[in-house]
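The values are calculated or read from the model by the stated rules, or taken from the named source; none is laboratory data. Since the structure is predicted, the reported quantities are computational estimates derived from the model, not experimental observations. Cβ coordinates were reconstructed from backbone atoms using ideal geometry, including for glycine residues, and neighbour counts include every protein chain displayed.
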Amino acid sequence: MNINIRQATEQDKDFIMTAIIEAEKSGADITSYGAIFSLSGDAVKTLVSNILDEGIEEQEMYIPNFLVAEVDGENAAAVSAWIEGESGMTSNIIKANMLAYFLNADILEGAVAKLGLMNEVNISREMGALQLECIYTAEKFRGMGLSGQLINEHIKRKKAEWLSVDKAQIILLKNNSSALMCYEKVGFAIVAEKKCEDEAILKVLPCDTKILMERKLNE
Amino acid sequence: MEEQEILLQLNNVFRKCFKRQDITVSPETSAADVTGWDSLTHMILINDIERHFSIKFKLMEIMKFNNVGDMLACIKKKVNT
């Protein structure tokens, strides 16, 4: 079995879209974008496609930020990574800009209450820290340690490029125990968690708690 | 429309969006200066500004908004053309 890790290209767009959408679902039937903004599956795909086409850096939905693992020439797993706040703007504000641009005012107004709930579980990313997101492995390739390999490769590459980066962060839902174990295996530990006490959050997310995991990179 | 008039109207948009009458923004004001200016309010704010001034920002314009002054300059350009 031959495993090849490489940077994603425009030709990988369909696979990257799948990675973003499936990772975003985190075990639920629909993405949080779908739940928050009342968007159909197709509308979410269009939104993600439009965002990827804009090529906005410093957030997860940017194709060159992805590394892809191929198994015997087939796309099997993908992980996105970037340095938070490289240009002074947080990835949350960058994504808010893109959503404000692509979603109309009525959709946004209809989502205010749900966005308020999302804010309650929002964990800030540390400026200057390496961020890992959209960690996805296609079902038939699970259990091969591909996510861990991609995470380690991202860390290796970013450390070579950004000598000062000393921390990697992953934010995930607390109920995602298989992902949590995978990240622990590659050196991450839980450092913070945030819970929404309003059970209405469960209409938006499959779990009421988000956790922040970190790995020190200078040890 | 003059810059002062746009700033006056922009302050009203901010007050409505943040549901606070005590907010006064100047061209130097950035998100870090206003309590509650997070990604959620930012998204609503952009739409409220567009609706108030009957304009539509381009994505690349929004991405360059580092402070209220950047917004002001972009709004001025759009409402005066």
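Here are a few things to note about the model shown:
- Here A:GLU60 clears all of (1) out of contact with any Gly (no Cβ under 8 Å at 6 or more places or on another chain); (2) not in a loop (DSSP other than H, G, I, E, B) except the condition numbered (2).
- Criterion applied to A:LEU103, A:LEU108, A:LEU99 was being under 17 Å from B:GLU50 (Cα atoms), more than 7 Å from chain B (Cβ to nearest Cβ), more than 14 Å from the chain's Cα centre (by Cα) and buried (at least 19 other Cβ atoms within 10 Å of the Cβ), and the one residue passing it is A:LEU103.
- Note on segment A:29-64: residues that are without any contact (Cβ under 8 Å) to a residue 24 or more places away in the chain and crowded, with 18+ Cβ neighbours inside 10 Å total 5.
Yes or no, residue by residue, for (1) within 29 Å of A:TRP162 (Cα to Cα); (2) outside any helix (DSSP H, G or I); (3) in contact with a strand residue (DSSP E or B) (Cβ under 7 Å, 6 or more places away or on another chain):
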position	(1), (2), (3)
A:ALA19	yes, no, yes
A:GLU24	yes, no, no
A:LEU39	no, yes, no
A:TRP82	yes, yes, yes
A:ASN92	yes, no, no
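- Any hit, segment A:65-73, residues being at pLDDT 95 or above, part of a helix (DSSP H, G or I) and more than 12 Å from chain B (Cβ to nearest Cβ): yes
- When we screen A:LEU130, A:LEU205 for residues that are buried (at least 18 other Cβ atoms within 10 Å of the Cβ), touching a strand residue (DSSP E or B) at 6+ places or on another chain (Cβ under 8 Å) and at pLDDT below 95, the only hit is A:LEU205.
- The criterion of at least 2 residues that are more than 9 Å from chain A (Cβ to nearest Cβ) and free of Cβ contacts under 8 Å to residues at least 12 places away in the same chain is met by the following helices (runs of 4 or more DSSP H) wholly inside chain B: B:3-18, B:68-79.
- Among (1) within 16 Å of the chain's Cα centre (by Cα); (2) over 30 Å from A:SER38 (Cβ atoms), the one test that A:ASP72 misses: (1)
- Scanning segment A:89-127 for residues that are of a type in the set (Asp, Glu) and under 19 Å from B:GLY36 (Cα atoms) returns A:GLU109, A:GLU120, A:GLU126.
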